[in-house]
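Accompanying notes for the structure given below.
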């Protein structure tokens, strides 16, 4: 017989997940099996069932009159454990429309000392100023298990990186060094709660790309989290940077970042006392992350405390430049050195005698070409920012190298779209669309090099040269503004945040050359948007530009 779709069915068919024809007095399946056919309950979302299944049988509930209901007062106070998790999980820097706010004053002292703080949840639970009760669930699991649970939602951010023979040796030496320093701890205890996992995820999704702008292998996004799973000092550096960034673009308490930063520094000092510390790849990654923390936290003058120590590490003969992560950390340090040295017009800390892993092979990948341009910019700064005037021969050599880079670069560096500036249309900078961050970085450093070569051209006539000086000065102004506008166009036309960070330093070098008030305002708008969207400190840059332009 045909079995119809069951709406209610008997208890036996329900229990076996079978269709019931609901025939009376016994359904077809119960009749064929020779068992008793009992009518099952009707479950509905609008009313309670009269019976329920318990231990394989259906039993009646107690009479409705005997049930006890909880009395609900007219006024309720909700206690939630998701206040900070909402900040961490729902926050997206690109979606911030208003000015970033902070939950506490910037000069407020940390709630706990470095030795006392064990997690963000401890900070919040002991903060008397918070009205919301917050409690994190402890996660006693391995890093691999942590990356697979749904709230991480990272997909492929934790990837096992292939290890070469040289990397194996470095890793063994690193583990030995960490063991001597007491930094190699049980991986189960590193990430203490869900909130710290959120901080790690925020780093991977939002901050790691800042470090990988010339690294297509994304070592800071993929390998650094893997190494941090067994390296406490590296993990605390990540927590500090992530918490600081969130404090600048959301209402996260900045004292949380300060506490992680303090703890990381206390762990870092014993490692730096080891004479082989330059071979510790985890340490190299840690110090450049701490330097980024320093850049992000600057509100006035940047003293570059971490940069001096980083320079000593990368100048050591023990530095493993052939290691993928160490190499990525080195190029991050070079860009950080340029960023700090450029506004001060002082020679970079990086010695140009270092032989970076660069070749003249034109078949090398695009990231290699980008790093060649970065290194060329560093060499030009070392020449231009010396006390003595640049000698003509060395100047011409650097100028020719920049030209050769431009003429022989791969075709992949060609912008996918380009539109010239139009003052009439209110478009003060050219539109230059680039596909990858290393392309944008290389082009911006190219234009920075051209600006420096124009400003420090030894062929320029001195003021006593009368009309010749005026001619050269006019040409200088045209060259500087042309390349400065290209640098602004690259920063405004692409979503790569680091190009806007670099633009801040470039504007402190040549921003005073802009005379058009509308063009000046466009620069201010671009720098202000950088602060709102990325939390990057641009207030001092804007103030310096307004002072240079004599704008009230």
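The lone criterion from (1) assigned to a loop (DSSP other than H, G, I, E, B); (2) without any contact (Cβ under 8 Å) to a residue 40 or more places away in the chain; (3) buried (at least 16 other Cβ atoms within 10 Å of the Cβ) left unmet by residue 472 is number (1). Of the residues in the range 488-499, none is at pLDDT 95 or above and surrounded by fewer than 19 Cβ atoms within 10 Å (Cβ to Cβ).
Quick check, is residue 501 part of a helix (DSSP H, G or I) and in contact with a strand residue (DSSP E or B) (Cβ under 8 Å, 6 or more places away or on another chain)? Here the answer is no, as residue 501 does not meet what is asked. Counting only helices (runs of 4 or more DSSP H) that fall entirely inside the range 306-410 and contain at least 3 residues that are out of contact with any helix residue (DSSP H, G or I) (no Cβ under 9 Å at 6 or more places or on another chain) and surrounded by fewer than 20 Cβ atoms within 10 Å (Cβ to Cβ), the qualifying elements are 392-408.
Taking the range 257-272 as the range and being within 10 Å of residue 237 (Cα to Cα) and crowded, with 24+ Cβ neighbours inside 10 Å as the test, the residues that pass are 257, 260, 263, 264. Screening the candidates 275, 226, 248 for the property of being outside any helix (DSSP H, G or I) and not assigned by TED's automatic domain parsing to the domain that holds residue 443 yields one hit, 275. Counting the residues of the range 513-533 that are free of Cβ contacts under 8 Å to residues at least 60 places away in the same chain and more than 30 Å from the chain's Cα centre (by Cα) gives 4. For the range 416-431, indicate whether the set of residues that are touching a strand residue (DSSP E or B) at 6+ places or on another chain (Cβ under 7 Å) and surrounded by fewer than 12 Cβ atoms within 10 Å (Cβ to Cβ) is non-empty. Yes, the range 416-431 contains a residue that is touching a strand residue (DSSP E or B) at 6+ places or on another chain (Cβ under 7 Å) and surrounded by fewer than 12 Cβ atoms within 10 Å (Cβ to Cβ).
Set side by side, the residues 339, 293 differ, and just one is closer than 23 Å to residue 447 by Cα and not assigned by TED's automatic domain parsing to the domain that holds residue 509, which is 339.
Mind checking whether some residue in the range 271-280 is touching a helix residue (DSSP H, G or I) at 6+ places or on another chain (Cβ under 8 Å) and within 21 Å of residue 202 (Cβ to Cβ)? No: zero hits.
The values are calculated or read from the model by the stated rules, or taken from the named source; none is laboratory data. Because the structure is a prediction, the values reported are computed rather than measured. So basically every Cβ, Gly included, is an ideal-geometry build from the backbone, and we count neighbours across all protein chains shown.
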